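Take a look at the structure below.
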Amino acid sequence: MNLFDKFKVGLVKSSSGLTQGFENIFSKKKINNEVLDEFEELIISSDAGVNVAAELRKDFESFRVDKKINDHKEILKLLADKMAIELLKYEKDLSLMGNAKTSAIVISGVNGVGKTTSIGKLGKYFKENNRSVVFGAADTFRAAAIDQLQIWAAKVKVDIIKSEVNSDPASVAYKTAEFAKKNQIDIALIDTAGRLQNKKNLMEEYKKIINVLKKIDETFPNEIILVLDATTGQNALNQVEEFSKIHNLTGLIITKLDSTAKGGVVLAICKKYKLPIVAIGMGEKEDDLQPFKAEYFSKALLGVET
């Protein structure tokens, strides 16, 4: 299965909902305000947000204003191309991470978004791209998180640095980065806690983690990536807002796009926060975390073939 096919399979639930809506719209004889309203509501229902929906409505209207809708595939292709151009600026080349020297990558996100699983899948991806990896289990407040990362480390065959439950997260982060630097490991992936209900404590923990990493190398952390669960819809935007207050983010991973998610949330997040997308998760298998490709995402979401 090539990469585009993985996007099509992964986004089939998001795409099918939009496709049915488009079929209803394209059954109309002519574009008028009622049809345009239906189109805009359909885009909003995909969690793309009001601003994105309004822009796509303008594009849709310009393609077929006052004309019969006689080639809906052409219209969808034009929309997909416009969407891809807009999203292209938010592609971040995952394969280049850890290419030159040891990189410390801090992975953040609220509990339940698939953060630890994403670290495991990232580890597998990097190893397959000839990067050496070490995991750091700095979410020390949940024994389950430490155990889960340990399982992934064994599965992917990478080292893991961990400590006892409730031990100092910054200490684990420090030891992980120190181990990576000393052993010339390309990438240190550091898991962190995600308890937004106590933002003050969480902010202090992140500040401490970042400060101790800089003691090893002033360029650390090289990346601070936030993991979001696409099924939470517009709530994902609130999480970006809150974590951006805690620390500067360098990229996003969006998970669970294969489930009941509405893939339009990717558009809403990019539109509002201008943050690059490192990867998207489209399934439970080890290789279902894929680098974000704007063209493939846009076409798979709208049901357009390459």
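Computed from the coordinates by the stated procedures, all read-outs in this text should not be read as laboratory data. What you are looking at is a predicted structure, and each value in this text was computed from that prediction instead of being measured. Here the Cβ is made from the backbone with ideal geometry for all residues, glycine too, and neighbour counts use every protein chain on show.
Given the chain, what percent of its DSSP beta bridges are antiparallel, to the nearest 5? Can you show the working numbers first?
On the way: 4 of 30 bridges.
Expressed as a percentage, antiparallel bridges in the chain total about 15.
Would you pull out the residues with amide H under 5 Å of ALA104's amide H, same chain only if 5 or more places away, H placed 1.01 Å from N?
Correct list: ALA188, ASN222, GLU223.
Using the Cα centre of the stretch 3-88 as the reference point, and only Cβ charges (+1 on K/R, -1 on D/E), how large is the resulting charge dipole? Debye, rounded to the nearest 20.
On the way: 14 positive and 16 negative charges, 71 e Å.
In total the dipole reaches around 340 debye.
Angle, helix 72-88 long axis vs. longest principal axis of the chain, Cα atoms, 0 to 90°, nearest 10?
Approximately 30 degrees, to the nearest 10.
Give the relative contact order (percent, whole number) for the chain; include only Cα pairs under 8 Å separated by 6+ residues.
Numbers: 574 pairs, mean separation 85.9, N = 306.
Averaging sequence separation for qualifying contacts and normalising by length gives 28 percent for the chain.
At a 10 Å Cβ-Cβ cut-off, how would you order TYR296, TYR273, fewest neighbours first? Could you put the intermediate results ahead of the total?
On the way: TYR296 23, TYR273 16.
Result, fewest neighbours first: TYR273, TYR296.
Hey, got the dipole for the stretch 94-294? About the Cα centre, +1 on K and R Cβ, -1 on D and E Cβ, debye to the nearest 20?
On the way: 28 positive and 22 negative charges, 72 e Å.
Magnitude of the dipole: close to 340 debye.
Please work out the C-alpha center-to-center distance from the stretch 164-202 to the stretch 18-54 and express it in whole Å.
After rounding, the separation between the Cα centres reads 45 Å.
Taking Cα atoms, how many degrees apart are the long axis of helix 33-45 and the longest axis of the chain, rounded to 10 and kept between 0 and 90?
Helix 33-45 sits roughly 20 degrees off the main axis of the chain.
Can you give me the long-range amide H partners of GLY283? Hydrogens built in the peptide plane at 1.01 Å from N, cutoff under 5 Å, separation of 5 or more residues or another chain.
LYS256, LEU257, ASP258
Rule-of-thumb check for the stretch 190-286: C-alpha Rg over 2.2 N^0.38 Å?
Details: Rg = 14.2 Å, N = 97, 2.2 N^0.38 = 12.5 Å.
Output field value: 1.14.
Specify which residue in the list LEU226, ASN111, ILE161 is farthest towards the positive end of the charge dipole of the chain, using unit charges on the beta carbon of Lys, Arg (+1) and Asp, Glu (-1), about the Cα centre.
In the chain, that residue is ILE161.
Would you mind calculating the relative contact order of the stretch 238-306 from Cα pairs under 8 angstrom and at least 6 residues apart, reporting the percent as a whole number?
Values: 65 pairs, mean separation 19.3, N = 69.
Here the relative contact order equals 28 percent.
What does the helix-only formula give at 222 nm for the chain: each DSSP H stretch with n ≥ 4 adding -39500 (n - 2.57), the total divided by the residues, and the result rounded to the nearest 500 deg cm²/dmol? Mind showing how you got there, number by number?
Numbers: 12 runs with 158 residues, N = 306.
My calculation for the chain gives -16500 deg cm²/dmol from helical runs alone.
Straight-line reach from LYS73: which aspartates and glutamates fall under 19 Å, measuring Cα to Cα and dropping same-chain residues less than 8 apart?
In chain and number order, the partners are ASP5, GLU23, GLU38, GLU40, ASP59, GLU61, ASP81, GLU295, GLU305.
To make sure I understand, if each residue's beta carbon is the centre and we count other beta carbons within 10 Å, what order do ILE269, ILE216 fall in, fewest to most? Could the numbers behind the result be given before it?
Working: ILE269 26, ILE216 21.
In order of increasing Cβ crowding within 10 Å: ILE216, ILE269.
At a threshold of 8 angstrom on Cα-Cα distance, excluding pairs fewer than six apart, so keeping six or more, what relative contact order does the stretch 1-128 reach in percent?
Working: 53 pairs, mean separation 23.5, N = 128.
Result for the stretch 1-128 is 18 percent.
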